[in-house]
Amino acid sequence: MNTLRSEWISKRLYWSMSIIILCLLCICIPLIVSSSQSYLKSRQTYQQLNALQQVADLANKISRERAPANKAMSSSVQEFAQHQQELISYRQQVDRQLSQTADVLTEVGFNNLSQQLSQLENSLKKGRAQVDAYTRMPRQQRSAQELDQAILAMFAAWESCRELLRDVAVASDSSSTPLNNYISQILFLSDLRDQAGRVASSIMAHVTFEAPLPTENITRSLQTQHQVRYLWALIDTIQPVQDKTEEFIRLHRRVETEFIQQGLPIVSELISDSLEQRDYRLSGTELTEAIVDKFATVVDLQTYLLQYSRDAAIQEMNSNMQRLIWSVLVSLISLLTAISTMIFARKQVFLPLIHARRLLLSLAKNSGRQPVEAQVRTANHSDSLFAAIQKLQKMLQERDALEFRLKNIAHSDSLTGLANRFALEEYIRFMENQPGQLSQTCLMIIDIDHFKQVNDQYGHIIGDQVIRLVAERLQANVRATDLLVRYGGDEFLVLIENIQMQQALMVADKIRAEVAERHIVTAAGDEIQISVSIGVAIGAVSWMALLSNADDALFAAKAKGRNAVAEV
């Protein structure tokens, strides 16, 4: 029966250990899964931002291709070869960006957007074909309307790229609000860059041919300027205050100064020239060269925001990676610790206890029928048990003594050896439980005169010597049954029971006189004279009233000029 009982205890121990390990697994596995999901999500966000940057760069390059195209279409015979070569070179850059963007979109998993990329390539080819057709056209057959149509064809190419950029932003699905703000700003800046180009492109054809601007082109240019200013105000509003770094502010000012304040007025002045029937102050090529650098400030700001958002995504990804690593490590350590602890507890604690139980039950069962040798062994075990109890009792006595010493230390001031506030509080509780006891109790408050000046001038070591000297004089002039308390930094309390005021004043004055006779000599040879002010009060209805009376007496002593005793 005892064997079955012990086996049942062992099984319960085994199942308890299994339940604890399962509970740990239930805690650790969701933690690891959550951390890994956060890491994978942040990594995906980083890759999607990288794809967004590629498409944004592509959109900027396609938008900027209008500049060399406009220069080639509006150039003179002497400048045409140079401008045509610049256009060919820039188109190669755009084509490389197209190929790179396609690879990045496939790598990130945006395979469904490859069809839109093909549509973009077709739109770009159509726009380029119309530009090339215009440049091959004999100059005498060219017109402002033909040039305007070629420019509008390049607008259509950018519109296809804008749709791709928007779809990439939508597909990014970033769960991070700050990153969503960056994505919105990147879209707005791409629109701003394109609208900025359209401001000049709307009047490019007629400026090139020195023809009056049609109302449609003027309206289109003015509307575009309004959209530019609206987008610019929106970008400044969306950027969170905490993300307006010094670099952002610098680039923001550049766009404000060079593009908004200097670039747009160039177009406005040319529109004024047309409305007032003056000669245009710039040719088409000069207009392109004058305004294209102004657009670069918008691209610089967009590039900075893209890099800033990527840095934020990298930081979030690294943070989630660290969290995942720590989750795995902590989970493994917790499981290993729990398993090791349980194995150790089973082998070193529970199994010995079960074995001891068996022995005790066996001894209890066979105690009366054991041979003499076994009985002696049992007696020896009993002696060992009593010896252990005696040892435990001795340890408890030692503990009580230690507790007494610790309590004594806790109720004593370490510097002076006097009682501290804890001891005072116990004394007050005792006195308040004795009706009428406070009415026969004398309280003295002793304050060291000018102690702060001594402490500040000579340092804390000298200040401690002053406090110890005063404490020694107090101990020398009161009875062992009286309570001496270090109440504060330089304040002491003396509580004397069953004493008359005259005797109390004599004791107080003796303390004052003995302290005044003492002095301390510093290492530099300076002699410090010490004095105390003492307030004396006897009897009150409560401790607080007694303390208040003694405090008033102390103020009266200080009012006498210090080094004095006063009563109330």
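Just so it is clear, none of the values below were taken in a lab; they were calculated from the coordinates. Given the structure is predicted, the values throughout are model-derived calculations rather than measurements. Cβ placement follows ideal geometry from the backbone for every residue including glycine, while neighbour counts extend to all protein chains displayed.
Counting other beta carbons within 10 Å of each residue's own, what order do 8, 543 fall into, fewest first? Walk me through the numbers on the way to the answer.
Working: 8 10, 543 18.
Fewest to most other Cβ atoms nearby, the residues stand as 8, 543.
Using the Cβ-Cβ distance between residue 14 and residue 338 with R0 set to 22 Å, the FRET efficiency from 1/(1 + (r/R0)^6) comes to roughly 0.95. Ordering 224, 101 by the number of other Cβ atoms within 10 Å of each residue's own Cβ, fewest first, gives 224, 101.
Most simply put, the chain has about 85% antiparallel DSSP beta bridges, counting only bridges with both residues inside it. Please label the shape of region 421-567 as rounded, prolate or oblate, based on the square roots a ≥ b ≥ c of the eigenvalues of the alpha-carbon gyration tensor (a/c under 1.5 means rounded; beyond that, a/b larger than b/c means prolate, else oblate). Taking the square roots of the gyration eigenvalues as a ≥ b ≥ c, region 421-567 is prolate. Averaging Cα coordinates gives a centre for region 22-76 and one for region 289-344; these two points are 14 Å apart.
Run the simple label-point estimate for residue 281 and residue 552 please: 7 Å along Cα→C-beta, distance reported in nm. With each label point 7 Å from Cα toward Cβ, the separation is 9.0 nm.
Round to a whole angstrom and tell me the spacing of the C-alpha centers of region 516-551 and region 209-287. When both Cα centres are located, 82 Å separates them. Hydrodynamic radius of region 99-138 by the Kirkwood approach over all distinct alpha-carbon pairs: 11.6 Å. Report, in whole Å, the centroid distance computed from the Cα atoms of region 453-493 and region 147-167. Measuring centre to centre over Cα atoms gives 90 Å. Per residue, the chain reaches -26500 deg cm²/dmol at 222 nm when only DSSP H runs of four or more residues are counted, each adding -39500 (n - 2.57). State the percent of C-alpha pairs, over all pairs in the chain, separated by a distance greater than 37 angstrom. Cα-Cα pairs in the chain separated by more than 37 Å: 66 percent.
If each residue of separation counts as 0.36 nm, what is the full-extension length gain between residue 36 and residue 215 once their alpha-carbon separation is subtracted? Don't skip to the answer; put the middle values down first.
Numbers: separation 179, 0.36 × 179 = 64.44 nm, distance 6.00 nm.
Full-extension gain reported as 58.4 nm.
In plain terms, the residue of 451, 248, 492 with the fewest other Cβ atoms within 10 Å comes first and the most crowded comes last, giving 248, 451, 492. Normalising the average separation of contacting C-alpha pairs (under 8 angstrom, six or more residues apart) by the number of residues puts the relative contact order of the chain at 13 percent. For region 1-152, the Stokes-Einstein estimate of translational diffusion at 10 °C and a viscosity of 1.306 mPa s comes to 76 µm²/s, using the Kirkwood hydrodynamic radius over alpha-carbon pairs. Put simply, the amide H of residue 531, placed in the peptide plane, has neighbours under 5 Å in 449, leaving out anything fewer than 5 places away on its chain. About the centre of its Cα atoms, the chain shows a dipole size close to 2960 debye [charges on the beta carbon of Lys, Arg (+1) and Asp, Glu (-1) only; nearest 20 debye]. Summarising the label geometry, the points placed 7 Å from Cα in the beta-carbon direction at residue 248 and residue 506 lie 8.3 nm from one another.
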